[in-house]
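S.K.: Could you have a look at this structure, given as structure tokens, before my questions?
The values are calculated or read from the model by the stated rules, or taken from the named source; none is laboratory data. As the structure is a computational prediction, the values presented were derived from the model and not from experiment. All Cβ positions, even for glycine, are placed from backbone atoms using ideal geometry, and neighbour counts span all protein chains on display. The protein model used for the area step is the full one, side chains on, heavy atoms only, and it has no ligands, DNA or RNA in it. Shrake-Rupley method; radii C 1.70, N 1.55, O 1.52, S 1.80 Å.
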Amino acid sequence: MTDMLVILVLSLILVILSAFLVLLKKEIRAIRRQLHQLLNGAEKPVTVSFLDRDITALASEINETISYQKERNIDIFKQEQQLKEAILNISHDLRTPLTSIIGYLQLLHNTDLGLEQQEYAEIALSKSKDLRNLIADFYDISVWEAK
């Protein structure tokens, strides 16, 4: 009789553990499915229906990680936008004084200079125009990037 009772109790424990294992695997599949949906653009947090402390803690950690990653991505995007704006401003700020320099070099080039001085003025003017073209390209790229 006691052997029969032990077998019955062990059988009952085995059934309970089997049911627990089945429910646990079902919950893991549900979490995996929700993670897949998140990767495909879903915006809802991971939820659990099985009231197990470890599974609930896992879902909570997943949700915190996802939230942190979203905040980090937003911060990175803002920093990239600020950098693009700074580059745009720098390229614009470089153009203004360079235009003045080119104007003064053109005036200097058109004055009565010695042959060697005339050659130096032409070189400076040519290099300034090259720099202006590079800055214009840089400005155009930074405008395009800022969009």
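S.K.: With each label point set 7 Å from Cα along the Cα-Cβ vector, what nm distance links LYS26 and TYR120?
M.R.: 9.0
S.K.: Also, I was wondering about something else. Using a 1.4 angstrom probe on the protein heavy atoms only, line up HIS92, HIS109, HIS36 by accessible area, largest first.
M.R.: Working: HIS92 90, HIS109 45, HIS36 115 Å².
Most to least solvent-accessible, the answer reads HIS36, HIS92, HIS109.
S.K.: Stretched out fully, how many nm does the piece from LEU113 to SER100 gain, at 0.36 nm a residue minus the Cα gap?
M.R.: Details: separation 13, 0.36 × 13 = 4.68 nm, distance 2.03 nm.
Using 0.36 nm per residue and subtracting the Cα-Cα distance, I get 2.7 nm.
S.K.: Once ligands and nucleic acids are excluded and a 1.4 Å probe is used, how much of VAL143 is accessible, expressed in Å² to the nearest 10?
M.R.: 50
S.K.: Between LEU10 and THR56, take the C-beta separation as r, use R0 = 25 Å, and let me know the FRET efficiency to the nearest 0.05.
M.R.: On the way: r = 30 Å, r/R0 = 1.18.
That pair, LEU10 with THR56, gives E of 0.25.
S.K.: While we're here: Across the chain, how many lysine pairs separated by 8 or more positions, or lying on different chains, have Cα atoms within less than 25 Å?
M.R.: Taking the Cα cut-off of 25 Å, the pair count is 10.
S.K.: Also, quick follow-up: How much of LYS70 can a 1.4 Å solvent probe reach, expressed as accessible area in Å² and rounded to 10?
M.R.: Accessible surface of LYS70 is approximately 80 Å².
S.K.: Share of segment 9-65's accessible area from carbon and sulfur, percent, 1.4 Å?
M.R.: Numbers: 3020 of 4530 Å².
Answer for segment 9-65: carbon and sulfur cover 67 percent of the accessible area.
S.K.: Compare LEU23, LEU115, LEU39 in a GNM of the chain, Cα atoms joined below 10 Å, and give the one with the largest fluctuation.
M.R.: Checking each option, the largest mean-square fluctuation is seen for LEU115.
S.K.: What accessible area per residue, rounded to a whole number of Å², is obtained for the chain using a probe radius of 1.4 Å? The partial results should precede the final answer.
M.R.: Working: 11920 Å² over 147 residues.
Accessible area per residue, the chain: 81 Å².
S.K.: Using the Kyte-Doolittle scale, find the helices of the chain whose mean hydropathy is at least 0.5 and whose Cα atoms extend 15 Å or more along the helix's long axis, counting only whole DSSP H runs. Mind showing how you got there, number by number?
M.R.: Numbers: long enough: 2-39 (55 Å, 1.38); 53-109 (83 Å, -0.34); 115-146 (46 Å, -0.32).
For the chain, where a helix must reach 15 Å along its axis and average at least 0.5, the hits are 2-39.
S.K.: Run the simple label-point estimate for GLU145 and ILE76 please: 7 Å along Cα→C-beta, distance reported in nm.
M.R.: In this crude label model, GLU145 to ILE76 measures out at 1.7 nm.
S.K.: Quick one: order ILE74, ILE66, ILE102 from most to least accessible surface, probe 1.4 Å. Walk me through the numbers before you get to the answer.
M.R.: Details: ILE74 95, ILE66 45, ILE102 5 Å².
Heavy-atom accessible area, descending, gives ILE74, ILE66, ILE102.
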